[in-house]
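Here the structure is laid out as structure tokens; the discussion comes afterwards.
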Ligand SMILES: C[S@@+](CC[C@H](N)C(=O)[O-])C[C@H]1O[C@@H](n2cnc3c(N)ncnc32)[C@H](O)[C@@H]1O
């Protein structure tokens, strides 16, 4: 499989609108940020996958974490740059994940909130493995995916700005196996409900 370009184009088209919609920090994400920051080793250099509008990066930086903002959607990257932030176009499935600010040094953690939902099931292990390789021993991972069966295409938006997102859903046992096989030690998988029927599996894991 490969990255779904129509999903990426949908985000490109509505990046500013999406960023505004997602600007308020959900309670469960705030909880996960607290835990992630507390457990982060080293100097606290973090690779963020799917930064979107940049809500979580700002909160992490308030806690003294150094965040590399990235997104697979140029729409979000441009939005972040217009806001005065450095941001890189990066696809975790195919691009070099090495830190341009610290050549040769792995990250202390990976923050991937609500973005790996768009990675195809057959690519999920590859992405998790690449993220593991980019992270130091003892480094932390936050990743959240939607709980459920199979895959779906979510369509909403307007005729002028249609959105079409391909999403992969996960059950906890398969998610746990994928993480372990990719080189992560899972410490916890929490269940959260966002909007009604928006059920998240939120991963806390580390590198052995
Ligand atoms: C639901 S938004 C979440 C954005 C942000 N992390 C947040 O919590 O508000 C999904 C994010 O995943 C990104 N994305 C889309 N396809 C992706 C893929 N194949 N791999 C990684 N990220 C992807 C989108 O560009 C977008 O930033």
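Since every read-out is calculated from the coordinates, none of them should be taken as a lab result. No experiment lies behind these values; they were computed from the predicted model shown. Heads up, the Cβs are rebuilt from the backbone with ideal geometry, glycines too, and the neighbour counts pull from every protein chain shown.
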Taking every pair of alpha-carbon atoms in the range 84-163, what share in percent sits in each 5 Å bin, from 0 to the bin with the longest distance? 3, 12, 19, 22, 17, 13, 8, 5, 2, 0
Could you pull the Cα extents of the range 51-99 along its three principal axes, largest to smallest, in whole Å? 30, 22, 13
Modelling each spin label as a point 7 Å along the Cα-to-Cβ direction, I'd like the residue 149/residue 1 distance in nm, to one decimal. 1.8 nm
Order these peptides, 124-134, 50-60, by their mean beta-carbon neighbour count within 10 angstrom, highest first. 50-60, 124-134
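Which values, in whole Å and largest first, are the semi-axes of the equivalent ellipsoid of the range 27-138 obtained as the square root of 5 times each eigenvalue of the Cα gyration tensor? Could you put the intermediate results ahead of the total?
On the way: eigenvalues 68, 62, 46 Å².
The answer is 18, 18, 15 Å, longest axis first.
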Rg in Å to one decimal, and Dmax rounded to a whole Å, for the range 5-206 via C-alpha atoms: 15.8, 48
37 °C / 0.692 mPa s Stokes-Einstein diffusion coefficient of the range 141-208, Kirkwood radius on C-alpha pairs, µm²/s: 246 µm²/s
